[in-house]
Amino acid sequence: MNSRIEKDIAYKQIEDNKQKVASDPYRLHYHIMPPVGLLNDPNGFVFFKGQYHIFYQWNPFATNHGPKFWGHSVSEDLVHWREAPIALAPDKWYDKNGCYSGSAIVFEDKIYVFYTGNVIDDEGNRNSYQCMAVSIDGVHFEKKGPVIHVPDGYTAHFRDPKVFFNNGKWFMVLGAQTEKETGEAVLYTSSDLKTWIFKGTLLGAESNGGEDFGYMWECPDIFRLGDKDILLVCPQGIPARGFQYQNIFQSGYFAGQIDYDNVSFLHDSFVELDRGFDFYAPQTTVDKKGRRLLFGWLGNAEVGESKHPTVKYNWIHALTIPRYLEWKDGKLWQCPVEELEKLYEDETYYDNVVIDNKKPITLPYVYGNVFAMKLGIKNWQASKLIVQIGESNLIYDQTSQVFTFQRKTFTAPHALESRHCVLKNLKEMLIFKDTSSMEIFLNDGEEVFSSRIFDDLEAKDVIFKVEGSVTINIKKWNVKKITKY
Ligand code: FRU
C-alpha cells in the first residue's frame, strides 16, 4: 500500500465534508475535534521545540471504529491549535488495520513515537506489533517498523505503548490481556529505544480483585507526582458498584511506589479519574514549566455511539480541555490549564448573591451555550443546591454529601440520566460549557465530571435553586471560538 495514496484519500475526505461538518450547530468552539470522521484516544502528547503536539486516534472515513490514523494538532500555548499533516496512516503490513494508540518522547532533538500496529488476517485473527516512527521536524514521521512482538502468555490484545525515562533507562508500559483473559499493565525496558527487554507484569487484575478487575487493561501511563508513582490505566470489564464504574469502560489510577528493578508496585486502591459520562484513555506529558498535563478522550465506547447527534454531520467525539495534575492530600487533583483564561471575554460577576428557597433565580448575562463559570459557595444553610444549565442539572445534596450531574440522554431524548460522586463540602465549581459538552471541576479539581450534552440550543438559561439558603460568588465569561470548522 502506498502511504501517499492513503493520506490523499483522507485529505479529500476532509475537503469533501468540510461544509457539512461545519454546519453542525453542535460543533464545539474550543475543543480539539476530528475534521471529519471519528476521533478517540489522545496519543503522543509531547512538548517539542517550544510546541505542544497532540495526536489522536482517527478514522477519517466513517463515524465508527475502522482502521485508525494518527491525526495531529500543534500549539504554542495549549489553547490555539492548528491541524498538522496526518502523522501516521495504516499503510504497512504491520499496521494495515490501524495505527493504534501510543505515545511520544523527545530524544536527541527528534520525536520518537511508539504505537500499536493492528493487523487482522484473512481468517479474522488479530495480531499486534509495537512499532516505532521518528520525526526530525515534528511534522513528517518515518516508520521504522515493529520493535516488539506479543510475548508468550498473552493474547493479541497487547497495545498502547507509553514510553518514559526513569533513572537512566527507557521504560515502556503496555496494556495487555493474559491468555487467562485478565487485564495487565506490563513493563519493558531499553537502552537505545530499539531493543526492548520484557521485564514482566507490573500490575494486573489477577492480583487486584480477580476477574472483576478487567478482562483487558488499555492505555496505561506512568509518571511521578509529588512523592508517588502513578499508574493511569483503563480496565475493561469492571462491573458497576454503587456510584462507581458506571460507564462501559473505566479510567483511573493507582498511586504508590514502583520498584523498577523487581517490577513490583506497592499501591493504594484504584480511583476513577472522572465521574462524568464521557472520559477515557487519558494521556499525560510534562512541559517546560514542569507541569504534568493531561488530555483525555471526551468520549467512551458506549453502545449508543451511532446515535450521537453529530453522526449525521459525519463527525463524532472530541478531546477534553487540557488539565494539569497535582498530588495533594493523598489524591490526584485535576484543574484546567490556566492558559484557557486567554479565551475568556465579557466577564460578568456577582458577589454575595443570597439564594434561598423563595424562588429559583436567574441573573443578567449568566446564560449561553458557550461559557466558563466559577461559583464560590458559602454560608451553607441548605440541604440542596441545584444549578440548572440548559437542560442539564448540577445537584449537590448537602445532607448525603453527594454531587450529581444529570443530562438528557441522546438515545431516548426525553429521559434523564445521572452520574454521582461523594464529595465532602462543596465549596467551588468551575464549569466549562461548550455547545455540546460540559466539564465540571469541583473544589479546585478534587473531582471532575466530563460529558457530552445535546441540549436544545435554545435552552441557554442558568437557573439557581436551593432548598434552604446559600451565598454564591459568581464569575462568568464567554469563551472565544477558536476552532475553524
Ligand atoms: C482505547 C483503544 C486502545 C486502542 C485504540 C484503537 O480506546 O481501544 O486500546 O489502541 O482505542 O483506536
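Every number here is computed from the coordinates shown, using simple stated rules; none is lab data. Keep in mind the model is a prediction, meaning the values are calculated, not measured. FYI the Cβ positions are ideal-geometry reconstructions off the backbone, even for glycines, and counts take in every protein chain you see.
Whole-Hz Karplus values for region 403-420 come out as 9, 10, 10, 10, 10, 6, 6, 9, 8, 10, x, 8, 9, 10, 9, 10, 10, 9 Hz, taken residue by residue from phi with 6.51 cos²θ - 1.76 cosθ + 1.60 and θ = phi - 60°; glycine and proline positions read x.
By the rule of a C-alpha distance below 28 Å, with chain neighbours fewer than 8 residues away ignored, the lysines paired with Lys143 are Lys7, Lys12, Lys49, Lys68, Lys92, Lys96, Lys110, Lys162, Lys169, Lys194, Lys199, Lys288.
What is the antiparallel percent of DSSP beta bridges lying wholly in region 163-267, to the nearest 5?
Details: 37 of 37 bridges.
Around 100 percent antiparallel, to the nearest 5.
Considering only Ala372, Tyr344, Thr362, the residue lying farthest towards the positive end of the dipole of region 341-479 is Thr362, judged by Cα position with unit charges set on Cβ. Around the amide H of Leu423, modelled in the peptide plane, lie the amide H atoms of Val402, Phe403, all under 5 Å away and 5 or more residues distant in sequence or on another chain.
Inter-label distance, Phe198 to Glu341: 5.0 nm, where each label sits 7 Å from its Cα along the C-beta direction. Placing +1 on the Cβ of every Lys and Arg and -1 on the Cβ of every Asp and Glu, with nothing else charged, gives region 405-485 a dipole about its Cα centre of roughly 280 debye.
Magnitude of the charge dipole for region 181-239, about its Cα centre and with charges confined to Cβ atoms of Lys, Arg (+1) and Asp, Glu (-1), is about 300 debye. Amide H contacts of Asn357: Gly468, each under 5 Å away and 5 or more positions distant or on a separate chain (H built 1.01 Å from N in the peptide plane; Pro and chain starts excluded).
In this structure, the residue pairs whose Cα-Cα separation is over 26 Å, taken from Lys180/Lys307; Lys433/Lys465; Lys408/Lys433, are Lys180/Lys307. Centre-to-centre, using Cα atoms only, region 415-483 and region 376-413 are separated by 8 Å.
In what order do Tyr280, Tyr324 fall by count of nearby beta-carbon atoms within 10 Å, going from fewest to most?
Numbers: Tyr280 27, Tyr324 20.
With the sparsest Cβ surroundings first, the list reads Tyr324, Tyr280.
For the pair Val402 and Val286, a Förster radius of 41 Å applied to the C-beta separation gives a FRET efficiency near 0.75, rounded to the nearest 0.05. Compute the label zone of Glu467 within region 333-358: residues whose backbone N is under 16 Å from the point 7 Å along Cα-to-Cβ. Residues passing the 16 Å test: 356-358. Annotation: the residues Cys99, Cys234, Cys421, Cys335, sorted from fewest to most other C-beta atoms within 10 Å of their own C-beta, follow the order Cys335, Cys421, Cys234, Cys99.
Net charge near Lys408: determine it from the other residues with C-beta under 10 Å of the C-beta of Lys408, scoring Lys and Arg +1 and Asp and Glu -1. Within the 10 Å Cβ shell, the charges total -3. Please say if region 109-167 is rounded, prolate or oblate, where rounded means a/c under 1.5 for a ≥ b ≥ c the square roots of the C-alpha gyration tensor eigenvalues, and otherwise the choice is prolate for a/b larger than b/c and oblate otherwise? The shape class here is oblate. Relative to the longest principal axis of the Cα atoms of the chain, the long axis of helix 3-22 lies at roughly 10 degrees. Ordering Tyr129, Tyr260 from the fewest to the most neighbouring beta carbons within 10 Å gives Tyr260, Tyr129. Annotation for region 263-283 versus region 170-238: alpha-carbon center distance of 12 Å.
When only the Cβ of Lys, Arg, Asp and Glu is charged (+1, +1, -1, -1), the dipole of the chain relative to its Cα centre reaches about 920 debye. Only DSSP H runs of four or more residues enter the estimate; each adds -39500 (n - 2.57), and after division by the residues of the chain the mean residue ellipticity at 222 nm equals -1500 deg cm²/dmol.
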